[in-house]
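Student: Below: one structure in structure tokens.
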Amino acid sequence: MISIIVPVLNEAENIPGLHQEIVSVMTIIDRPYEVLFIDDGSTDDTLAELRKIDGSDTGYLSFSRNFGKEAAIIAGLEKAAGDAVIIMDGDMQHPPSLISELIEQYEAGYDQVVAKRNKAKEPLSRRLPSKLFYQLMNFTSTVHLEDGEGDFRLISRKVVDAILMLSENNRFSKGIFEWVGFNKTVIEFNHIERESGNSTFNPLKLLDYAIDGISAFNHRPLRACFYLGLVVLLASVAYILYMFVNIAIHGVEVPGYFTIIASLLLLGSIQLFSLGIIGEYVGRIYIETKNRPKYIIRESSAYEAEQGGHHEKQYTR
Ligand code: UDP
Ligand code: MG
């Protein structure tokens with residue numbers, strides 16, 4: 001069985017069409033399937049639409065508030081009962097027509113089949129920051145991320161179980177997919193505009209996302225603080241020695257205003273910057289130690305997968 005999970009936030013207008021397309025694709029390729037929508041605290045008619053399509057092979061979970069797309073994906077993976085799970089967006093940017101290709105590759109033996117977005121048609125305003133993000137990310141991180149490889153993918157049961165084993169609260173799914181490994185193949189598709197509604201991402205959110213991604217996946221920035229400190233220390237020692245010799249030879253001159261201000265500013269900003277990085281990690285430790293549930297369910301559909309039993313019914317840990 002194939003499970004298709006779709007995180008949705010305020011996608012009321014897109015849901016009926018998307019659901020219909022998924023159903024027709026699955027009917028054509030003739031495989032048992034289930035579709036699970038995860039309503040991530042929508043404030044429009046999303047939940048009403050989901051109640052309408054609730055049926056024998058379609059179900060939904062609805063969060064008590066917005067917990068974020070990552071939490072929605074986890075909820076979907078926990079509930080999914082399929083031998084393979086397809087994750088896709090609810091705004092038609094991930095074409096259901098690709099589902100058959102994903103399944104084809106899965107049946108050819110791949111555990112992760114990634115649908116990679118062809119970026120050529122995206123506006124530059126979106127392409128540039130994301131390019132920057134990937135360069136920064138791959139420079140600092142231990143896992144390699146590829147631009148355009150998002151959440152749209154099929155993962156086998158083995159991969160799902162591996163991902164569910166990671167207990168961390170702060171989810172960075174792009175990195176986690178890479179981190180768990182397994183054999184992976186990539187298929188490409190062209191970027192399409194949203195069917196309706198607005199993307200919830202903006203440049204500031206993207207920066208937040210970048211910081212999340214970097215600090216979730218490695219501690220190299222802490223190492224960078226160490227090296228920065230070391231370099232400044234060596235430079236200071238050299239400068240102090242130079243001044244000492246200078247004073248020994250020429251005597252005390254009029255104290256330099258410039259050098260004092262310059263070193264004050266430089267050291268001050270390096271310290272603040274480093275504190276910020278350390279704070280980022282301390283914050284993460286704080287969040288993780290609370291060990292709160294990743295999401296809270298407000299309502300779930302009557303639907304239950306027939307060959308359930310893969311998952312424990314423990315949605316809120
Ligand atoms: N989404 C979600 N929770 C959020 C933000 C987004 O479940 O907090 C869903 C959204 O409904 C969509 C998918 O995640 O199905 C991708 O979101 P969006 O289209 O806003 O992102 P983009 O395609 O611009 O990266
Ligand atoms: Mg989108």
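Student: Eigenvalues of the Cα gyration tensor times 5, then square-rooted: what semi-axes does that give for the range 106-152, in whole angstrom, largest first?
Tutor: They are 23, 16, 5 Å, listed largest first.
Student: Let me ask another. Any idea what the alpha-carbon Rg over 2.2 N^0.38 Å comes to for the chain?
Tutor: Here the Cα radius of gyration is 1.27 times the empirical estimate.
Student: Straight-line reach from residue 290: which aspartates and glutamates fall under 19 Å, measuring Cα to Cα and dropping same-chain residues less than 8 apart?
Tutor: Hits, sequence-local ones excluded: 70, 168, 212, 280.
Student: In the Gaussian network model of the chain, springs joining C-alpha atoms below 10 Å, which of 267, 132, 77 carries the largest mean-square fluctuation?
Tutor: Answer for the Gaussian network model of the chain: 267.
All of the numbers you see were taken from the coordinates with simple rules; none came from a lab. All figures in this text were calculated on a predicted structure; none of them were measured in a lab.
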